[in-house]
Amino acid sequence: MSKPEKVFKSTTDQLKLLQERGLVIDDPMFAEEALIRTSYYEIINGYKDLFINIDSEEEQFESGTTFSEIYYLYELDNTIRFAMLSATLSAENLLRSVIAYVLAENHGHSVKDYQHNRNYQQGKKIIRGRAKGKFERELLLQIFSEVYYSTHQPMAYYRETYQDMPPWILVKGLSFGNLQYLFKLMLPESKTKVIARATGMNPELITDQTKQAFAETFDILVAFRNWAAHGGRVYNHRVRKRLSYSPVHTRFGVTHSAYQKHDRGQSDVLSFIIALSYLRDRGIQDGFLHAVTSEIDDYLMRFPRHKTLLLRQMNIPDQLYQEWSHIRQH
């Protein structure tokens, strides 16, 4: 059976429909203004799921649910999304700087030196897309070439003025995903230097397991950055990448049992926070944690009855949230 056709409804009709479905319009003027500024789809369709009565045959809200409860959940998520973008931008800048430094130190500052294929692992053979049949290293060098011949600044200036492009300029033309791809194909000794410089770890303590963990950290940061940049709901989102369980999880109160049973710290917002904790600039993680905790505090100040539901959706243990909230307030 096909679904009924979606037809245009005025803001007044939208509010009437919500009331018919059991939603309390606790402040009609506020609700009307919110729908004008943000749209029905963004607020209601994006954040109603927590408040729907799952036992009702037709879509009905849980008794007593107000428009404000849904709207402020949207606001919470919106603020966390912008904080996530800010955090990933800072992480990206750090990683760009570190990778460019290691390329120049290990392989020189000239294109003919650091872009030589001996400086990168061959990788796997690509089985689909524009580079089908090539090895990953060939695609990486092709990406380098595209950046070199870019008409954007400062790449064009360096190419036209010096007929060359040092790594610290090249990385400016790489997307975060391409930067991740570059790290993936770096030689083992180069990866060790990148990790040591990015995290502050002693290079002698960096193992293959450490490199794998850092690669997964990169995956998580890029995946959440891309999702947030496209306006996706983030507070309860699970990305397709996964962070393996490690001793770092225990610092956030995540047991191996909770990791396996509840997927806690695998691909959720908590995994993003754990990924940020690897970076030497602690301010990046602290800033994001402050934003997340502040938004949860504000929401629960208004709607304390949703504490368990909200934390469960975010996959954050109550004790961990209490610790964050205490730190923020003191």
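For (1) among the aliphatic types (A, V, I, L, M); (2) modelled with pLDDT of 95 or more; (3) loosely packed, with under 15 Cβ neighbours inside 10 Å; (4) touching a helix residue (DSSP H, G or I) at 6+ places or on another chain (Cβ under 7 Å), each residue gets a yes or a no:
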site	(1), (2), (3), (4)
Phe214	no, yes, no, yes
Ile220	yes, yes, no, yes
Ala223	yes, yes, no, no
His237	no, yes, no, yes
Leu243	yes, yes, no, yes
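Of the residues in segment 231-283, how many are part of a loop (DSSP other than H, G, I, E, B), among the hydrophobic types (A, V, I, L, M, F, W, C) and farther than 15 Å from Tyr321 by Cβ?
4
Let me confirm something: among Ala83, Ala156, which residue is without any contact (Cβ under 8 Å) to a residue 24 or more places away in the chain, surrounded by 14 or more Cβ atoms within 10 Å (Cβ to Cβ) and aliphatic (A, V, I, L, M)?
Ala156
Of (1) farther than 21 Å from Phe82 by Cα; (2) in contact with a helix residue (DSSP H, G or I) (Cβ under 6 Å, 6 or more places away or on another chain); (3) part of a helix (DSSP H, G or I), Thr210 satisfies all except one. Which?
Among (1) farther than 21 Å from Phe82 by Cα; (2) in contact with a helix residue (DSSP H, G or I) (Cβ under 6 Å, 6 or more places away or on another chain); (3) part of a helix (DSSP H, G or I), the lone unmet condition for Thr210 is (2).
Return only the number of the condition from (1) more than 29 Å from the chain's Cα centre (by Cα); (2) within 30 Å of Gly200 (Cβ to Cβ); (3) open to solvent by less than 50 Å² (accessible area, probe 1.4 Å) that Thr65 does not satisfy.
Condition not satisfied by Thr65: (2).
So is Ala83 of a type in the set (A, V, I, L, M) and either touching a helix residue (DSSP H, G or I) at 6+ places or on another chain (Cβ under 8 Å) or closer than 21 Å to Ala215 by Cα (or both) or not?
In short, yes.
Quick check: anything in segment 5-17 among the hydrophobic types (A, V, I, L, M, F, W, C) and open to solvent by less than 70 Å² (accessible area, probe 1.4 Å)?
There is at least one residue in segment 5-17 that is among the hydrophobic types (A, V, I, L, M, F, W, C) and open to solvent by less than 70 Å² (accessible area, probe 1.4 Å).
Does Ser63 meet the test of being free of Cβ contacts under 8 Å to residues at least 24 places away in the same chain, on the phi < 0 side of the Ramachandran plot and small (Gly, Ala, Ser)?
Against the criterion (free of Cβ contacts under 8 Å to residues at least 24 places away in the same chain, on the phi < 0 side of the Ramachandran plot and small (Gly, Ala, Ser)), Ser63 does not qualify.
Can you find a residue that is under 18 Å from the mean Cα position of the chain (by Cα), surrounded by 15 or more Cβ atoms within 10 Å (Cβ to Cβ), farther than 24 Å from Leu94 by Cβ and not hydrophobic (A, V, I, L, M, F, W, C) anywhere in segment 277-298?
Scanning segment 277-298 turns up at least one residue that is under 18 Å from the mean Cα position of the chain (by Cα), surrounded by 15 or more Cβ atoms within 10 Å (Cβ to Cβ), farther than 24 Å from Leu94 by Cβ and not hydrophobic (A, V, I, L, M, F, W, C).
Name the helices (runs of 4 or more DSSP H) wholly within segment 85-188 that hold at least 3 residues that are of a type in the set (A, V, I, L, M, F, W, C) and either closer than 27 Å to Ile284 by Cβ or out of contact with any His (no Cβ under 8 Å at 6 or more places or on another chain) (or both)?
Ranges flagged: 136-148, 167-170, 176-185.
Please state which of the following conditions Leu185 fails to meet, knowing it meets all the rest: (1) under 17 Å from Asn93 (Cα atoms); (2) open to solvent by less than 40 Å² (accessible area, probe 1.4 Å).
(1)
Is it true that Ser90 is closer than 17 Å to Glu20 by Cα and not basic (Lys, Arg)?
no
Does segment 60-69 contain any residue that is over 21 Å from Ile25 (Cβ atoms) and either part of a helix (DSSP H, G or I) or acidic (Asp, Glu) (or both)?
No, because not a single residue in segment 60-69 is over 21 Å from Ile25 (Cβ atoms) and either part of a helix (DSSP H, G or I) or acidic (Asp, Glu) (or both).
Looking only at residues in segment 96-116 that are polar (S, T, N, Q) and in contact with a helix residue (DSSP H, G or I) (Cβ under 6 Å, 6 or more places away or on another chain), which one is surrounded by the fewest Cβ atoms within 10 Å (Cβ to Cβ)?
Asn106
For a quick check of your reading of the model, give me the residue pairs whose first member lies in segment 206-231 and is free of Cβ contacts under 8 Å to residues at least 60 places away in the same chain, whose second is open to solvent by 60 Å² or more (accessible area, probe 1.4 Å) and of a type in the set (A, V, I, L, M, F, W, C), with beta-carbon atoms closer than 9 Å and at least 6 apart or on different chains.
That search, which allows pairs on different chains as well, returns Thr210/Met201.
If you go through segment 114-136 one residue at a time, how many are of a type in the set (D, E, K, R) and more than 16 Å from Leu185 (Cα to Cα)?
Count: 3.
Here is a list: Thr199, Thr255. Which entry is out of contact with any helix residue (DSSP H, G or I) (no Cβ under 7 Å at 6 or more places or on another chain), over 23 Å from Asp286 (Cβ atoms) and surrounded by 14 or more Cβ atoms within 10 Å (Cβ to Cβ)?
Only one candidate qualifies: Thr255.
The values are calculated or read from the model by the stated rules, or taken from the named source; none is laboratory data. For clarity, every value in this text was computed on a predicted model and none was experimentally measured. Because the Cβ atoms are built from the backbone with ideal geometry, glycine has one as well, and the counts that use them run over all protein chains shown. Accessible surface is based on the protein model in full, side chains and every heavy atom, while ligands, DNA and RNA are left aside. Shrake-Rupley method; radii C 1.70, N 1.55, O 1.52, S 1.80 Å.
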